[in-house]
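Trainee: Shown below is the structure under consideration.
The values are calculated or read from the model by the stated rules, or taken from the named source; none is laboratory data. Since the structure is predicted, the reported quantities are computational estimates derived from the model, not experimental observations. Neighbour counts run over all protein chains shown; Cβ positions are idealised from the backbone, glycine included. All accessible areas refer to the heavy atoms of the entire protein, side chains included, with ligands and DNA or RNA removed. Shrake-Rupley method; radii C 1.70, N 1.55, O 1.52, S 1.80 Å.
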Amino acid sequence: MITLTPKRIFDVPIQAACISVDVFTGKSVEEIKNLLITEGKETITLGDAFNVIEDSTIEMPTVVLTGDFSKVKRVGQGMKTGEIIINGDAGMHTGEKLAGGKIVINGNSGGWTGCEMKKGLIEIHGNSGDYTASTYRGTSTGMKGGLIIIDGDVGTNVGCYLQGGTIKIKGSAGRYLGYHMSDGTIYVEKDCASRAGAFMIGGKIIVNGVMELMMPTFTIDGIKPKVKIDANQNAQGPFYVFLGDLAEHGTGKIFVLKATNSALATYEKFL
């Protein structure tokens, strides 16, 4: 097991895609310390910024980051195996293009966490920023697989261009949830801001709390007693089922809990 702790407070962002189980495996502590990262416009070594300690009594492929990593970007980028545990806040792009393994964040996470993720598991025991599990601006390659669980709230454009996988949000979600998603599942345990499912063409969004505003390009399609979130969890209804985005000829579905959304009762006359 390798443990990293910051040597100082970082004033500018650090790009550290090398902080990954895949990269660390097979390297000595000195080799890990000599891996190159950038701090602002300066190229430095990992050892310049972090204390690097090895615990040889623990053989599991694990990297533990302890402290404030909120300015450290791209931790776990493209990782395929092993586990990263962050005991503190995590920076932007954590778990970018994750292809396996597990990342646990015992704090909040920055924007674009899990962007373009393919496989694996990310657990965030706090809030997560804008564009979590999304694509980059100007591209259309969103999260394709895996599971992201967020204990807190999320920002805007979460699940943007989602193409697969599951996102479970135990708090509330910001605007444009699931923007242009084509597959996969997003579950929101609390409230959801407006414009959820805009340009949606497939997949499903499940909202257990209050839906701020249903897009006018969705039509009611029925009422369902419960909804499958994944193989291990169902959401108990009844749920209003909305189909759309019809402006995109979409076949996606938004399930909204009936008990918390009395304002949507007027749609029942169209069933």
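Trainee: Rg and Dmax of the chain over Cα atoms: what are they, in angstrom?
Mentor: 20.1, 70
Trainee: Given the pairs LYS168/LYS190; LYS228/LYS258; LYS41/LYS97; LYS204/LYS228; LYS27/LYS119, which span a C-alpha to C-alpha distance of over 20 angstrom in this model?
Mentor: From the list (LYS168/LYS190; LYS228/LYS258; LYS41/LYS97; LYS204/LYS228; LYS27/LYS119), the Cα-Cα distance tops 20 Å for LYS41/LYS97; LYS27/LYS119.
Trainee: Normalised by the residues of the range 60-270, what does the relative contact order come to in percent, with Cα pairs under 8 Å and at least six apart?
Mentor: This gives 10 percent for the range 60-270.
Trainee: Provide the per residue accessible area, probe 1.4 Å, for the chain, rounded to a whole number of square angstrom.
Mentor: 43
Trainee: What is the Cα centroid distance between the range 168-240 and the range 1-59, reported in whole angstrom?
Mentor: Cα centres, the range 168-240 to the range 1-59: 39 Å.
Trainee: Can you pull the semi-axes for the range 197-268, root of five times each eigenvalue of the Cα gyration tensor, sorted largest first, whole Å?
Mentor: 18, 16, 9
Trainee: Right, next: Once you have the Kirkwood Rh of the range 1-85 from its Cα pairs, apply Stokes-Einstein at 37 °C and 0.692 mPa s and quote D in µm²/s.
Mentor: Translational D for this selection: 256 µm²/s.
Trainee: Give me the aspartates and glutamates in straight-line cross-link reach of LYS253: C-alpha distance below 19 Å, same-chain residues under 8 apart excluded.
Mentor: LYS253 reaches ASP183, GLU189, ASP191, GLU212, ASP221, ASP230, ASP245, GLU268.
Trainee: Would you work out which of ILE9, SER20, THR135 lies farthest towards the positive end of the dipole of the chain, given +1 charges on the beta-carbon of Lys and Arg and -1 on that of Asp and Glu, about the Cα centre?
Mentor: So the residue furthest toward the plus end is THR135.
Trainee: Per DSSP H run of at least 4 residues, take -39500 (n - 2.57); add these up for the chain, divide by its residues and hand me the 222 nm value, nearest 500 deg cm²/dmol.
Mentor: Mean residue ellipticity at 222 nm (helix-derived): -1000 deg cm²/dmol.
Trainee: Here is a follow-up. Reachable lysines from LYS7, Cα under 16 Å, same-chain residues fewer than 8 places away excluded?
Mentor: Cα-Cα hits under 16 Å: LYS33, LYS71.
Trainee: Out of the DSSP beta bridges found with both residues in the chain, what percent are antiparallel (nearest 5)?
Mentor: Close to 35 percent.
Trainee: Rank-order 20-26, 111-117, 228-234 by packing density, defined as the average count of other C-beta atoms within 10 Å over each peptide's residues, highest first.
Mentor: Listed from highest to lowest mean packing, they are 111-117, 20-26, 228-234.
Trainee: Answer rounded, prolate or oblate for the range 120-256, using the Cα gyration tensor with square roots of eigenvalues a ≥ b ≥ c: rounded when a/c is under 1.5, else prolate when a/b is larger than b/c, else oblate.
Mentor: Verdict is rounded for the range 120-256.
Trainee: Of the accessible area of the range 60-270, with the probe set at 1.4 angstrom, what percent is carbon plus sulfur?
Mentor: That fraction is 50 percent.
Trainee: To the nearest µm²/s, what D does Stokes-Einstein give for the range 101-149 at 37 °C and 0.692 mPa s, using the Kirkwood radius over alpha carbon pairs as Rh?
Mentor: 304
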